[in-house]
Amino acid sequence: MNGKNCSIEINIPQVSKVVFRDAEKNSGFSCRGWIMEVWKFCKEDTNRIIFALKVGLAVLLVSLLILIRAPYHVFGSNIIWSILTVAIMFDYTVGSTFNRGFNRALGSLLAGVLAIVVAQIALSTGPVAEPIIIGVSIFLVGTITSFMKLWPSLAPYEYGFRVILFTYCLIIDSGYRMGNPIRTSMDRLYSIAIGGIVAVSVNALIFPIWAGEQLHQELVTNFKSVADALEECVKKYLEDDGSNHPEFSSTVMDDFPDEPAYKKCRSTLSSSAKLESLANSAKWEPPHGRFSHFFYPWSEYVKVSAVLRYCAYEVMALHGVLHAEIQAPYNLRITFQQEIQDATTEAAELVRCLGNDIRDTQKSLKAPILKKVHATAERLQRAIDMHSYLLISTYDQPPDRQLPKLSHTLSANLSDISNQMAEIDVKLRDEQNLNIPPSQPLGSFPPAQTESYHESTRKHSRRLHSWPSREVDVFEEEGANSADFVPKMQALESTAHLSLATFTSLLVEFVARLDHLVEAVDGLSKMAKFKIQTA
């Protein structure tokens, strides 16, 4: 304010462009980001663009019958039913379009015939009873069709019952007002036929998207996902020493960004509905491509995927052990490293071989690979059985000392295995005798060693040997003596060691289920007439 001139001066700051940019960011919408999302969505499956273009083309073709004057004079306003039919019938795959077309044609035909019969009966009763009869018929048709589409065995024809309902209602109501129900029904039916022919022709003849091909590729992808997830899980289990493992409470379930194969395996378990839908659609498709014979066994694909899901359950269970709160010590895991790796490699190779056979529609000899898988699983079982004492903490083992490495020739005869066990037992017994004073009873724990054992365990990984950690903290706060604390620590350590037995048993169970998977794939190859692979 200027005191001399009694005037007021107001300074308006210039609005910066940055404010508008920040407002655009805070609004949550970015044109560039939206375009990138659309591009990524289309890049994942180019058939999405083809499908959209085909729908637009089909709608345009039936719309020309209205836009061009000459066809419009022939068909009249009833041709709008063709546009409605194309919009309803046109589906993503050819098989699904054929399925919808069948339900649409049959439902429209039944509804048209029923509307003509009811209309003739209503007309013969007079103008007073005519609307009553039509109203009662609409109520009965709506009730019956709605009830029948809920029947389990008629669930695949749910769309057909819906077509019967709205087609009957539209025909009977419009025929009542126009006064000629037969003519109205016939006009509706040939308009629906025109729309159905256009939809089926465009979808089947212009860049067709086959449901059978998608089912085939989806099953092959699931085989690869299960094999990759198995190898990824075992690799992380043998490499993870627990030093950088996050606390379970701060880890979001099923959110492991560093395990892409795990997410694919998880999606395999939820793909059963998709595969069944594709199989039902593929049954309506004519022979095409490599599926060149009639009555192709698409249902066998669903059976194979069901057996594969049981194998995927075992892989998910292995991932559960990998991310469990109780973990076996790292030095114990690498003791059986070679046997676990061999069983995993051979099992994953067999799963990939089965997937490749389905991909190439050929049948190969899987007996040699299956024998290798069984042999590696037996070696792993024999290793766990022969050295089961390592899984029970019955001897005082310093945690920083490496456990004896198993020999990788467990497939040798039993005398060699016995000699190896005897040598390991002698070494362990000698080391324990050297660490125990003469005045100390055998099996007791000296106080000095107890303290060093606890300190080294806590420094190594509290999560590996002190689950639940809150109980151990209570022990430390209450000042419990070593005599009470050491037995509890030994029991918790034994529990941690047994988690390795859980992991290996799940791996062996996965191998056992591969026999059923091989049988399922063989059944598919016989019914689908796969070519026999020549050497």
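Scanning region 37-57 for residues being modelled with pLDDT under 85 and aromatic (Phe, Trp, Tyr) gives a total of 2.
Restricted to region 262-292, and to residues there that are charged (D, E, K, R) and assigned to a loop (DSSP other than H, G, I, E, B), the residue that is most open to solvent (accessible area, probe 1.4 Å) is 283.
Beta carbons closer than 7 Å, at least 6 apart along the sequence or on distinct chains, pair a first residue in region 28-51 that is closer than 23 Å to residue 92 by Cα with a second that is hydroxyl-bearing (Ser, Thr, Tyr) and open to solvent by less than 70 Å² (accessible area, probe 1.4 Å) for 51/92.
Close contacts from region 293-305, counting a first residue that is closer than 10 Å to residue 279 by Cα and a second that is surrounded by 14 or more Cβ atoms within 10 Å (Cβ to Cβ) and of a type outside the set (A, V, I, L, M, F, W, C), with Cβ to Cβ under 7 Å and a gap of 6+ residues or different chains, come to 298/212; 298/283; 300/523; 302/276. Taking the conditions (1) crowded, with 16+ Cβ neighbours inside 10 Å; (2) at pLDDT 90 or above in turn, residue 206 satisfies each one other than (1).
Taking residue 391, is it in contact with a helix residue (DSSP H, G or I) (Cβ under 6 Å, 6 or more places away or on another chain), at pLDDT below 80, under 17 Å from residue 506 (Cβ atoms) and of a type in the set (A, V, I, L, M, F, W, C)? Explain how you work it out, then say what you get.
Values: in contact with a helix residue (DSSP H, G or I) (Cβ under 6 Å, 6 or more places away or on another chain): yes; at pLDDT below 80: yes; under 17 Å from residue 506 (Cβ atoms): yes; of a type in the set (A, V, I, L, M, F, W, C): yes.
Spelling it out, residue 391 is indeed in contact with a helix residue (DSSP H, G or I) (Cβ under 6 Å, 6 or more places away or on another chain), at pLDDT below 80, under 17 Å from residue 506 (Cβ atoms) and of a type in the set (A, V, I, L, M, F, W, C).
Considering 197, 182, the condition of being part of a helix (DSSP H, G or I) and in contact with a helix residue (DSSP H, G or I) (Cβ under 8 Å, 6 or more places away or on another chain) is satisfied by 182 alone.
The single condition among (1) under 30 Å from residue 39 (Cβ atoms); (2) open to solvent by less than 50 Å² (accessible area, probe 1.4 Å); (3) touching a helix residue (DSSP H, G or I) at 6+ places or on another chain (Cβ under 6 Å) that residue 49 does not meet is (2).
May I ask you to verify whether residue 498 is touching a residue at least 40 places away in the same chain (Cβ under 8 Å), farther than 15 Å from residue 351 by Cα and either aliphatic (A, V, I, L, M) or open to solvent by less than 10 Å² (accessible area, probe 1.4 Å) (or both)? Break it down into steps so the answer makes sense when it comes.
Working: touching a residue at least 40 places away in the same chain (Cβ under 8 Å): yes; farther than 15 Å from residue 351 by Cα: yes; either aliphatic (A, V, I, L, M) or open to solvent by less than 10 Å² (accessible area, probe 1.4 Å) (or both): yes.
Yes.
Within region 501-525, restricting attention to residues that are open to solvent by 60 Å² or more (accessible area, probe 1.4 Å) and out of contact with any helix residue (DSSP H, G or I) (no Cβ under 6 Å at 6 or more places or on another chain), which residue is modelled with the highest pLDDT? The residue in question is 519.
Would you point out which residue out of 336, 294 is touching a Pro at 6+ places or on another chain (Cβ under 9 Å), over 14 Å from residue 222 (Cβ atoms) and of a type in the set (A, V, I, L, M, F, W, C)? Reasoning before the result, please.
Values: 336 fails: touching a Pro at 6+ places or on another chain (Cβ under 9 Å).
Of the residues listed, the single one that is touching a Pro at 6+ places or on another chain (Cβ under 9 Å), over 14 Å from residue 222 (Cβ atoms) and of a type in the set (A, V, I, L, M, F, W, C) is 294.
Check 324, 317, 312 and return the single one that is in contact with a helix residue (DSSP H, G or I) (Cβ under 7 Å, 6 or more places away or on another chain), part of a helix (DSSP H, G or I) and open to solvent by 20 Å² or more (accessible area, probe 1.4 Å). So that I can check it myself, show each step before the final result.
Numbers: 324 fails: part of a helix (DSSP H, G or I); 312 fails: open to solvent by 20 Å² or more (accessible area, probe 1.4 Å).
317 is the lone residue from the list that is in contact with a helix residue (DSSP H, G or I) (Cβ under 7 Å, 6 or more places away or on another chain), part of a helix (DSSP H, G or I) and open to solvent by 20 Å² or more (accessible area, probe 1.4 Å).
The values are calculated or read from the model by the stated rules, or taken from the named source; none is laboratory data. Predicted model, so just to flag it, every value in this text is computed and none were measured. A quick note on method: Cβ atoms are made from the backbone with ideal geometry, for glycine too, and the neighbour counts reach across all protein chains shown. Ligands, DNA and RNA are excluded from the accessible area calculation, which covers all protein heavy atoms including side chains. Shrake-Rupley method; radii C 1.70, N 1.55, O 1.52, S 1.80 Å.
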